[in-house]
1. I'd like to compare 108-115, 127-134: which one has the highest average count of other Cβ atoms within 10 Å, and what's the full order after that?
2. If R₀ is 25 angstrom, what is the calculated FRET efficiency for the pair S49 and T78, using the beta carbon separation as r and rounding to 0.05?
3. Taking the solvent-accessible surface of protein heavy atoms with a 1.4 Å probe, what is the per residue accessible area of the stretch 98-157 in Å²?
4. According to a simple spin-label model (label point 7 Å from Cα along Cα-to-Cβ), what is the distance in nm between K2 and S30?
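The values are calculated or read from the model by the stated rules, or taken from the named source; none is laboratory data. Source: prediction; values computed, not measured. Using ideal geometry, Cβ is built from the backbone for each residue, glycine included, and neighbour counts are taken over all protein chains shown. With ligands, DNA and RNA removed, areas are computed over all heavy atoms of the protein, side chains included. Shrake-Rupley method; radii C 1.70, N 1.55, O 1.52, S 1.80 Å.
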Amino acid sequence: MKHILFFISLFFSALGFSQQDVVSTGGDASSSGGSVSYSIGQVAYESASGSNGSINQGVQQPFEIFVLAIPGHDESFTATLFPNPTATSVILSLDITKEGTGLVYELTDVTGKIIRNGRILSNETVINVEEFAEACYFVNVLEGNKRVKTFKLLKNN
């Protein structure tokens, strides 16, 4: 009898530590392009920040990678931008096979105004965005005057 009571109390104590939230609606959607889970009306969340960054705790958290396609461009050029979203800086990682390719980057706001640019000299280029306002930006990679990649960058604080 003691064993049964022990296992019953253990079972019910484990239920008390599960994650829960009250939302008005939500669900899962999928297609050939991928899948997404969503919830609407989440009211319980917690945010914490420190010297190494910030974290938002809740039922569902966004993580987005945006690569915008350039029509008529050869897709053999490999580039990534991470972490995204960011609060301090991002790393532009490129598959550069030869030195002196003449690649540059431009960081623009949503109006197209260039707010930072620079030459890409190695496979990884760090772009500091700490002093910019929380907003959406675009990172363009150019070879000569031709745009070869565009990334959407979300800056948060």
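1. Working: 108-115: 10.5, 127-134: 12.4.
Result, highest mean Cβ count within 10 Å first: 127-134, 108-115.
2. 0.15
3. Numbers: 3530 Å² over 60 residues.
Per-residue value: 59 Å².
4. 4.9
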